[in-house]
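Step one of this worksheet: look at the structure below.
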Amino acid sequence: MLNRHTLRIKIMQNVFAFEQCKEADFELAKDWVGDHFLPDLNSMEVQDKEGLKKQRKQAIQFFEKKFRSPEASLEDDKITKAVKDGLAMYEKQVKKDHQHLKTNLVSEVSRISNWYYSVYALWLSFYDLAKEDTKSNHTNWLGNQVVKALQTNDELQKAILQFDAGWGTRQDFARRWFREIFKASKEYQAYQELKKPTADDDKQLLKQMLRRLVVGKGVIHDYFEEQDLRWVEDKEVIKGLVEKTVKTLENGKVEIQKLTIDWDDDKEFLEKLFTQATSLKPEYTKLIADNTKNWEVDRLPLTDRVILEMAIAEMISFPQIPVKVTLNEYIELAKKYSTPKSRQFINGILDVITKTLQQQGVIRKSGRGLIDNK
């Protein structure tokens, strides 16, 4: 099942992408301002190239200064207007990127359902292909209790249609995989040799096929990875859900697992944390800067900064989440996604920042969030 740890990873990736977008937007806006003072190659008039070069340099410098200090001013009206328009363009593009990534964040999580149901649909496609293949013996596969239960599960059939997870338009892939990989595998051949497979045998085959062909490295895994940039992370969630479904086989029926218990709640968590982390107040970003001065780092890596900003945003914006839960989660994210020394670094910085925010009364917990303080 999709848990909050996975959601935090998705949010972190999109916050990171947003920071990169802002850097790119800044450079584009700066270049746009500078381009106002390039020689007009189409003009018949003599161009003051040296004067324009000087203005261009001055405009770019003023743009950078105005970006850092909005109160900065310059007497040159032409440069002032160009810089003002450049900053407006920057703000507009940043806002557009933010909305796109916020929407994309929710879509990314929703897409996990597509691939989740695609795994089931692939098994059902292999079942249909086995029925067509009269040259080989597929008796045990055609009698597999799990697959037959999936075939008659109305909830699954509706979900496959809803998420367009079927293999009808991708039948060439399914056919080739069935012929060259699935039925040629040693696990499948050993299964077919069983005189009378039990329900446990049926379950075991599907678990083996899932781990070896879909989750494990190979052609099918590579296909999923090419179609989904986040497959390396998402596949573990999908693997867990599928294995739980297989395990539920009883009286010829299986229980299709839900991606999330409460999607509305998870969606709110995604959108709120992303928004809060990308719009952290200056006093909190300053708190990070103030507490990283004494660390032996030349420059704070973007990943570390994103993790610290998300941790602060979560502690002050989600009163129901205990502080220790937040700290442990982001230390783990640093361990997995940042530099080798980042876990210790993040741990030390967050410890100091957390105590400061608690002393200031900024972190206020209630309900389950108070468990941390007992």
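Pairs linking a residue in the stretch 183-209 that is over 23 Å from residue 238 (Cα atoms) to a residue that is part of a helix (DSSP H, G or I) and among the hydroxyl-bearing types (Ser, Thr, Tyr), with Cβ atoms under 9 Å and 6 or more positions apart or on different chains, are 192/139; 197/191. Exactly one residue out of 47, 55 is more than 30 Å from residue 3 (Cα to Cα), surrounded by fewer than 16 Cβ atoms within 10 Å (Cβ to Cβ), more than 34 Å from the chain's Cα centre (by Cα) and not assigned by TED's automatic domain parsing to the domain that holds residue 157, and it is 47. With respect to the conditions (1) surrounded by fewer than 19 Cβ atoms within 10 Å (Cβ to Cβ); (2) part of a helix (DSSP H, G or I); (3) among the charged types (D, E, K, R), residue 258 lacks only one, and its number is (2).
State yes or no: is residue 172 over 19 Å from residue 131 (Cα atoms), out of contact with any strand residue (DSSP E or B) (no Cβ under 7 Å at 6 or more places or on another chain), surrounded by fewer than 19 Cβ atoms within 10 Å (Cβ to Cβ) and among the acidic types (Asp, Glu)? Before you say what the answer is, go through the steps one by one.
Details: over 19 Å from residue 131 (Cα atoms): no; out of contact with any strand residue (DSSP E or B) (no Cβ under 7 Å at 6 or more places or on another chain): yes; surrounded by fewer than 19 Cβ atoms within 10 Å (Cβ to Cβ): yes; among the acidic types (Asp, Glu): yes.
Spelling it out, it is not the case that residue 172 is over 19 Å from residue 131 (Cα atoms), out of contact with any strand residue (DSSP E or B) (no Cβ under 7 Å at 6 or more places or on another chain), surrounded by fewer than 19 Cβ atoms within 10 Å (Cβ to Cβ) and among the acidic types (Asp, Glu).
For the stretch 3-19, the condition of being assigned to a loop (DSSP other than H, G, I, E, B), within 30 Å of residue 117 (Cα to Cα) and out of contact with any Pro (no Cβ under 7 Å at 6 or more places or on another chain) holds for at least one residue.
Pairs needed: first member in the stretch 348-372, in the same structural domain as residue 330 (by TED's automatic domain parsing); second member anywhere, in a helix (DSSP H, G or I) and among the small types (Gly, Ala, Ser); C-beta distance under 7 Å; at least 6 residues apart or different chains. That search, which allows pairs on different chains as well, returns 350/311. Scan the stretch 234-244 and tell me whether some residue there is among the basic types (Lys, Arg) and under 15 Å from residue 126 (Cβ atoms). So far as the stretch 234-244 goes, no, none of its residues is among the basic types (Lys, Arg) and under 15 Å from residue 126 (Cβ atoms).
For residue 275, are the conditions met, namely being without any contact (Cβ under 8 Å) to a residue 60 or more places away in the chain and surrounded by fewer than 19 Cβ atoms within 10 Å (Cβ to Cβ)? I'd like the intermediate steps shown before the answer.
Numbers: without any contact (Cβ under 8 Å) to a residue 60 or more places away in the chain: no; surrounded by fewer than 19 Cβ atoms within 10 Å (Cβ to Cβ): yes.
No, not satisfied.
Among the candidates 226, 243, single out the residue that is in a helix (DSSP H, G or I), of a type in the set (Asp, Glu) and loosely packed, with under 15 Cβ neighbours inside 10 Å.
Values: 243 fails: loosely packed, with under 15 Cβ neighbours inside 10 Å.
None of the other options fit; the residue is 226.
If you filter the stretch 210-223 down to residues that are part of a helix (DSSP H, G or I) and more than 22 Å from the chain's Cα centre (by Cα), you find that the one that is surrounded by the fewest Cβ atoms within 10 Å (Cβ to Cβ) is 219. Can you say whether residue 102 is within 28 Å of residue 25 (Cα to Cα) and in contact (Cβ under 8 Å) with a residue 12 or more places away in the chain, as far as the supplied structure shows? Spelling it out, residue 102 is indeed within 28 Å of residue 25 (Cα to Cα) and in contact (Cβ under 8 Å) with a residue 12 or more places away in the chain.
The values are calculated or read from the model by the stated rules, or taken from the named source; none is laboratory data. Given the structure is predicted, the values throughout are model-derived calculations rather than measurements. All Cβ positions, even for glycine, are placed from backbone atoms using ideal geometry, and neighbour counts span all protein chains on display.
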